[in-house]
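**Student:** Let me give you the structure first, and then I'll get to my questions.
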Amino acid sequence: MTTKLFDLKGKVVLVTGSSRGIGAAAAKLLAEQGAHVIVSSRKLEGCKNVVDIIHENGGSAEAIACHIGELEDVAKIFSTIRKKFGKLDILVNNAATNPFLGHVLDIDLKAYQKTVDVNLRGYFFMSVEAGKLMRENDGGVIINVASINAVHPVEQQGIYSITKAAVVNMTKVFAKECAQYNIRCNALLPGMTKTHFTEAFFVDENIYNTAVEGIPLKRHAEPEEMAGAVLYLASNASSYTNGACLVVDGGLTI
């Protein structure tokens with residue numbers, strides 16, 4: 001069953017990390033509104049599965065593999081988009097990594113570098129390349145999926161929380177400098193959402209109960225709930241035009 005909320009017909013959308021979780025839910029919902037969605041992640045097979053679902057529901061989509069931590073991959077996907085479409089209307093930076101769970105004093109250089117390369121450098125250069133295309137085509141929308149960790153760091157997730165805080169400030173920089181080109185940049189800060197990425201919180205009842213205790217609604221979110229927030233920020237109806245952060249964690253907005 002499709003849900004028509006906004007008209008995105010004719011829009012070209014790129015969603016990274018969209019083979020599952022929040023990215024997949026966002027890709028499906030954006031396609032339901034008429035957009036042509038480029039489903040992207042490191043592994044092509046998972047992307048194709050999402051594309052098949054979109055096609056089955058009458059939507060338009062294609063799969064392109066891209067590891068945003070590899071700058072060659074970033075350059076390649078934007079070269080493909082430029083040649084095939086000549087534009088990009090909406091970028092959803094959603095791909096992320098969290099290879100280290102432990103005390104901040106114990107992280108090694110490899111885990112640190114991997115987290116920064118994907119969560120920060122990847123988002124930055126994806127936004128730069130998207131912004132260039134949008135500048136040439138009278139505007140667009142960049143949405144960075146950060147995390148509630150950006151404002152409330154979680155124990156044992158130090159470097160991940162640091163990169164997500166940096167993403168929030170990066171969003172504000174792009175919003176300020178790109179507004180003159182009619183490019184809107186905003187960040188989404190999901191609270192605890194049930195995805196493959198957060199499965200460690202769901203395998204132990206005590207860990208889960210401790211995690212949800214700090215959430216106003218006392219429950220976790222589903223990917224589809226985050227997708228709705230992405231769609232709102234992607235639509236022209238959104239009033240978030242100045243690098244605001246939409247925090248989906250019990251209804252808080254900053």
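**Student:** Among the residues of the range 59-113 satisfying the criterion of being closer than 27 Å to LEU233 by Cα and of a type in the set (Ser, Thr, Tyr), which is surrounded by the most Cβ atoms within 10 Å (Cβ to Cβ)?
**Tutor:** For the range 59-113, the residue satisfying everything is THR97.
**Student:** Looking at HIS67, is it within 19 Å of LYS9 (Cα to Cα) and either of a type outside the set (Lys, Arg) or not in a helix (DSSP H, G or I) (or both)?
**Tutor:** So HIS67 fails the test.
**Student:** Something else about it: If we keep just the residues of the range 28-58 that are free of Cβ contacts under 8 Å to residues at least 24 places away in the same chain and aliphatic (A, V, I, L, M), which is surrounded by the most Cβ atoms within 10 Å (Cβ to Cβ)?
**Tutor:** VAL51
**Student:** Is at least one residue of the range 84-97 under 18 Å from the mean Cα position of the chain (by Cα), closer than 14 Å to GLN157 by Cα and not polar (S, T, N, Q)?
**Tutor:** yes
**Student:** Follow-up question, since we're still on this one. Applying the selection to the range 128-153, what residues are within 18 Å of VAL12 (Cβ to Cβ) and surrounded by fewer than 24 Cβ atoms within 10 Å (Cβ to Cβ)?
**Tutor:** VAL128, GLU129, GLY131, LYS132, LEU133, ARG135, GLU136, ASN137, ASP138, GLY139 - these are the residues of the range 128-153 that are within 18 Å of VAL12 (Cβ to Cβ) and surrounded by fewer than 24 Cβ atoms within 10 Å (Cβ to Cβ).
**Student:** Among the residues of the range 95-130, what is the count of those that are within 23 Å of ASN182 (Cβ to Cβ) and in contact (Cβ under 8 Å) with a residue 40 or more places away in the chain?
**Tutor:** Residues that pass the stated criteria total 7.
**Student:** Sticking with this one: Taking the stated definitions as given, is TYR160 buried (at least 19 other Cβ atoms within 10 Å of the Cβ), out of contact with any His (no Cβ under 7 Å at 6 or more places or on another chain) and among the hydroxyl-bearing types (Ser, Thr, Tyr)?
**Tutor:** Against the criterion (buried (at least 19 other Cβ atoms within 10 Å of the Cβ), out of contact with any His (no Cβ under 7 Å at 6 or more places or on another chain) and among the hydroxyl-bearing types (Ser, Thr, Tyr)), TYR160 qualifies.
Quick note: the coordinates plus some simple rules give every number you see, no bench work behind them. Worth saying up front: this structure is predicted, and the values here are computed from it rather than measured. When we count neighbours, we look across all protein chains shown, and the Cβ atoms used for this are built from the backbone with ideal geometry, even at glycine.
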